Amino acid sequence: MKKGETQKRIEKLKDLINYHRYLYHVLNKEEISESALDSLKKELFDLEQNFPEFITPDSPTQRVGGKPIDAFKKIEHKEMMRSLNDAFSREDMDNWENRNKKLLNGEKIEYYCEPKLDGLAIELIYNKGILKTGATRGDGKIGEDVTQNIKTIEAIPLKLREEKDIIDDLKKERLPFINFDNIIVRGEAIITKKEFKKTNKEREKNGLPLYANPRNLAAGSLRQLDSKITSERNLDANVYDLVSDFGQKTHDEEHRILKVLGFKTNNKHNRLCKNMDEVFDFYAYWQKNREKLPYEIDGLVISINSNEVFNKLGVAGKAPRGAIALKFPLKQSTTIIEDIKIQVGRTGAMTPVAILKPVEINGVIVSRATLHNDKEIERLGLKIGDTVVVGRAGDVIPEVIKVFPELRTGKEKNFKMPVNCPSCETKLVKPENEIVWRCPNHNCFSRKMGWFKHFVSRSAFSIDGLGPKIIEKFIEEGLLSDPSDLFELKEGDILPLERFADKSAKKIVLNIQNRKEVSFSRFIYSLGIRNVGLKTSFDLALTFKSIEEIENASVEELESISDVGPIVAQSIFDWFRLKENKDFLRKLKERGVKYFIEKREGKLLGKKFVITGTLEKMSRDVAKENIILLGGEVSDSISKNIDYLVFGVNPGSKYEKAIKLGIKTLKEEDFLKIIS
Ligand code: IVH
């Protein structure tokens with residue numbers, strides 16, 4: 001290629017790569033694969049190596065490079081980078097609104113609301129569309145020049161979109177024109193939860209100290225003197241503030257201009273609210289759905305939408321009056337470990353549970369936290385009486401995260417795993433390659449309770465009205481020794497017991513009798529075989545025609561079922577070898593308990609589902625169970641090979657993505673019809 005042609009090719013490659021970067025990060029579209037894009041980048045790199053005179057600072061190859069520097073240059077912000085005051089409640093927000101109203105003359109107030117990203121604030125300066133400077137906030141007045149590191153972030157354009165395309169789009173959207181010469185924006189450098197985990201895992205392997213949270217890692221990465229390290233951290237970024245004044249009237253307009261310029265914004269997750277009630281609906285939505293975002297958010301930023309009103313309110317201390325951070329309730333709290341108790345599971349597993357001094361975390365009172373096993377207690381270095389950090393993410397069971405040994409008084413006690421089962425006194429066992437201690441006694445009362453609970457649960461026989469208290473009472477009264485006895489219960493057996501009126505006794509018996517016949521997969525699941533969950537139960541139900549066939553299958557035959565590995569196969573095999581289990585199966589049969597074989601195809605066999613939004617008639621877990629019980633699969637993310645998206649209220653981005661990919665969407669009503 002001649003020199004002139006090469007130069008042209010280089011320019012075209014840069015534009016093309018830039019265009020696909022824009023599609024991917026700003027419009028969430030992917031027209032070519034990542035590997036195709038990589039090969040374009042490789043070609044550009046090779047050409048530039050041959051003709052270094054054509055390398056420009058906005059070339060995609062210039063994201064990583066340069067030598068480590070000794071120190072960052074200081075940069076004075078043209079306009080102060082302020083911070084925000086925090087609010088935690090409706091009361092805080094009402095006070096904020098009332099204070100503002102007093103300073104205004106009855107102007108209408110609307111609120112622009114957006115997730116508050118938990119990262120590090122950055123400022124970007126573009127001259128004639130080319131990124132010139134990237135800076136940290138610093139003390140608000142003077143920040144650090146981290147341009148070279150900022151350039152490693154793919155989500156940040158090194159070059160804005162073509163001026164004429166921008167002007168066309170601004171016109172189309174009736175947005176004010178911009179001056180292309182100088183554009184200053186602000187946003188947040190963040191790291192996804194996935195990248196955070198990955199980095200910490202590697203650091204753990206290499207014996208390096210771990211980062212406490214994604215925010216610290218983002219900050220640490222952006223302040224590396226060697227931009228190669230920053231580049232490895234795969235930072236992400238979002239822009240939320242147009243500092244340059246182009247006559248934009250609202251915060252909403254600002255966000256739309258930013259998107260037109262070619263920045264990655266969070267616009268689709270933001271909302272314009274007419275009043276505080278709407279703000280709190282939006283807040284409730286994100287409180288519930290924040291876990292689904294790939295990155296951490298710690299609240300919402302609520303800004304007065306009109307820039308005129310915003311400016312009129314001015315600044316108080318370090319923060320503007322016109323915006324506030326509405327934070328989520330804390331996901332972690334500190335409390336005291338009052339005791340450690342042992343919980344006995346249906347398979348005999350001993351789980352140590354921390355009894356906490358009750359404390360509010362993420363909006364609910366928590367008094368117990370799982371400690372998983374005694375190795376975990378050892379790892380935490382936990383003693384009874386310790387002050388600890390307890391965390392709870394979403395619906396997940398609370399966990400002890402950290403211990404403060406420095407707060408000990410000397411009265412703390414060590415925990416010792418009991419030698420015998422706390423329920424039946426049988427000596428506990430632990431096979432060499434396992435970490436969980438187990439009670440081997442199949443007649444252990446606590447194990448039995450766990451088994452009953454499992455047997456009557458939604459996914460198993462689904463018998464209503466049999467809470468743990470009632471089962472316990474029936475066992476104590478000698479009415480039940482294993483779940484097959486349920487089917488022999490008569491009204492007259494229950495009535496004499498305290499607390500049972502005619503009606504409730506009748507109802508319980510009726511509920512049980514109504515569930516005498518269940519699908520084969522439910523039947524298998526109900527047996528409570530270790531390591532056999534819903535999916536395996538369904539696979540077994542499709543492979544075998546009767547329980548006797550499973551009983552007679554060899555470990556090898558069991559292992560030949562897809563997704564059944566050696567451990568699961570062995571535990572199925574072992575279950576059927578035990579006399580008490582054989583007796584149990586015989587008793588079920590004698591008592592008229594039957595199963596029906598699901599159609600070979602399974603109504604939803606091979607179909608892949610994603611569920612999104614809030615379902616009204618059932619929880620998502622129940623919806624998931626139903627799909628699995630009918631042979632379908634449930635996935636967390638939308639991709640081309642998903643067959644159906646079931647959506648409830650507030651379906652969010654998965655819905656949009658499904659529509660784009662042409663995936664069939666089902667309203668809750670339609671879904672109910674399919675599974676009924
Ligand atoms: S607007 C006056 N919008 O939160 C500052 N900030 O607590 C106005 N942040 O320093 C900032 N997400 O680092 C704004 N969507 C968002 C944000 C956001 C995160 C950070 C930012 C700021 C801090 C204030």
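How many of the residues making up region 450-473 are of a type in the set (A, V, I, L, M, F, W, C) and in contact (Cβ under 8 Å) with a residue 40 or more places away in the chain?
Residues flagged as of a type in the set (A, V, I, L, M, F, W, C) and in contact (Cβ under 8 Å) with a residue 40 or more places away in the chain within region 450-473 amount to 6.
Just one of (1) within 30 Å of Phe445 (Cβ to Cβ); (2) modelled with pLDDT of 90 or more; (3) among the β-branched types (Val, Ile, Thr) trips up Ile567, so point out which.
(2)
Would you tally the residues in region 353-378 being among the acidic types (Asp, Glu) and at pLDDT below 85?
Matching residues across region 353-378 total 1.
Let's see how each residue does on (1) within 16 Å of the ligand (Cβ to nearest atom); (2) open to solvent by 10 Å² or more (accessible area, probe 1.4 Å); (3) closer than 23 Å to Arg447 by Cα:
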residue	(1), (2), (3)
Ile302	yes, no, no
Val315	yes, yes, no
Ile340	no, yes, yes
Gly348	no, no, yes
Ile355	no, yes, yes
Arg379	no, yes, no
Asp386	no, no, no
Arg392	no, yes, no
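Among (1) closer than 16 Å to Trp451 by Cα; (2) without any contact (Cβ under 8 Å) to a residue 24 or more places away in the chain; (3) of a type outside the set (A, V, I, L, M, F, W, C), there is one condition Lys506 misses while meeting the rest; what is its number?
Among (1) closer than 16 Å to Trp451 by Cα; (2) without any contact (Cβ under 8 Å) to a residue 24 or more places away in the chain; (3) of a type outside the set (A, V, I, L, M, F, W, C), the lone unmet condition for Lys506 is (1).
Quick check on this structure: which one of Glu91, Glu110, Glu97 is within 35 Å of the chain's Cα centre (by Cα) and either within 30 Å of Lys67 (Cα to Cα) or open to solvent by less than 40 Å² (accessible area, probe 1.4 Å) (or both)?
Just a single option satisfies the conditions, and that option is Glu97.
For residues that are part of a loop (DSSP other than H, G, I, E, B) and either under 19 Å from Tyr111 (Cβ atoms) or over 30 Å from the mean Cα position of the chain (by Cα) (or both), tally how many sit in region 245-268.
Counting residues in region 245-268 that are part of a loop (DSSP other than H, G, I, E, B) and either under 19 Å from Tyr111 (Cβ atoms) or over 30 Å from the mean Cα position of the chain (by Cα) (or both) gives 7.
Of (1) in contact with a His (Cβ under 8 Å, 6 or more places away or on another chain); (2) at pLDDT below 90, Asn307 satisfies all except one. Which?
Condition (2) is where Asn307 drops out.
I want to confirm something. Restricting to region 532-584 and keeping residues that are in contact with a Gly (Cβ under 9 Å, 6 or more places away or on another chain) and in contact (Cβ under 8 Å) with a residue 60 or more places away in the chain, which single residue is most open to solvent (accessible area, probe 1.4 Å)?
Only one residue tops the list, namely Leu542.
Scan region 166-184 and tell me whether some residue there is within 14 Å of the ligand (Cβ to nearest atom), on the phi < 0 side of the Ramachandran plot and buried (at least 20 other Cβ atoms within 10 Å of the Cβ).
So far as region 166-184 goes, no, none of its residues is within 14 Å of the ligand (Cβ to nearest atom), on the phi < 0 side of the Ramachandran plot and buried (at least 20 other Cβ atoms within 10 Å of the Cβ).
Just for region 222-238: of the residues that are under 16 Å from Asp118 (Cβ atoms) and within 23 Å of the chain's Cα centre (by Cα), which one is farthest from the ligand (Cβ to nearest atom)?
The selected residue is Arg233.
Please name all residue pairs, on different chains or six or more residues apart, with Cβ atoms under 6 Å, provided the first residue is in region 474-491 and is closer than 12 Å to Trp451 by Cα and the second residue is of a type outside the set (Phe, Trp, Tyr) and surrounded by fewer than 17 Cβ atoms within 10 Å (Cβ to Cβ).
Here the result reads Ser484/Arg591, each pair linking region 474-491 to a residue that is of a type outside the set (Phe, Trp, Tyr) and surrounded by fewer than 17 Cβ atoms within 10 Å (Cβ to Cβ).
If you go through region 390-423, how many residues are of a type in the set (A, V, I, L, M, F, W, C) and assigned to a loop (DSSP other than H, G, I, E, B)?
8
Go through region 214-240 and give me each residue that's in contact with a helix residue (DSSP H, G or I) (Cβ under 8 Å, 6 or more places away or on another chain), over 18 Å from Lys264 (Cβ atoms) and crowded, with 16+ Cβ neighbours inside 10 Å.
Across region 214-240, the qualifying residues are Leu217, Gln224, Ser227.
Please go through region 415-425 and pick out each residue that is surrounded by 10 or more Cβ atoms within 10 Å (Cβ to Cβ) and closer than 27 Å to Val389 by Cβ.
Correct list: Phe415, Met417, Pro418.
Among the residues of region 489-511, is any of a type in the set (Ser, Thr, Tyr) and in a helix (DSSP H, G or I)?
Checking region 489-511: at least one residue is of a type in the set (Ser, Thr, Tyr) and in a helix (DSSP H, G or I).
Assess whether Phe88 counts as being among the aromatic types (Phe, Trp, Tyr) and within 16 Å of the ligand (Cβ to nearest atom).
Here the answer is yes, as Phe88 does meet what is asked.
Which of the residues spanning region 269-281 are under 26 Å from the mean Cα position of the chain (by Cα) and either among the small types (Gly, Ala, Ser) or assigned to a loop (DSSP other than H, G, I, E, B) (or both)?
Asn270
Looking only at helices (runs of 4 or more DSSP H) that fall completely inside region 534-608, which ones have 1 or more residues that are among the small types (Gly, Ala, Ser)?
Answer list for region 534-608: 534-543, 566-577.
Would you say Leu131 is of a type in the set (A, V, I, L, M, F, W, C), within 15 Å of the ligand (Cβ to nearest atom) and either under 20 Å from Asn305 (Cβ atoms) or out of contact with any Lys or Arg (no Cβ under 6 Å at 6 or more places or on another chain) (or both)?
No: the conditions fail for Leu131.
Here are the criteria: (1) in a loop (DSSP other than H, G, I, E, B); (2) in contact (Cβ under 8 Å) with a residue 12 or more places away in the chain; (3) touching a strand residue (DSSP E or B) at 6+ places or on another chain (Cβ under 9 Å); (4) open to solvent by 40 Å² or more (accessible area, probe 1.4 Å). Tell me which single one His442 does not satisfy.
(3)
Can you find, within region 597-617, the residue that is modelled with the lowest pLDDT among those that are touching a helix residue (DSSP H, G or I) at 6+ places or on another chain (Cβ under 8 Å) and loosely packed, with under 11 Cβ neighbours inside 10 Å?
Arg600
Name the single residue, out of those in region 322-338 being open to solvent by 20 Å² or more (accessible area, probe 1.4 Å) and within 14 Å of Asp86 (Cβ to Cβ), that is nearest to the ligand (Cβ to nearest atom).
Lys327
The values are calculated or read from the model by the stated rules, or taken from the named source; none is laboratory data. Since we're looking at a predicted model, the values are computed, not measured. Counting neighbours? That spans all protein chains shown, and the Cβs are built from the backbone with ideal geometry, glycine included. Heads up: the accessible areas ignore ligands, DNA and RNA and are worked out on the full protein's heavy atoms, side chains in. Shrake-Rupley method; radii C 1.70, N 1.55, O 1.52, S 1.80 Å.
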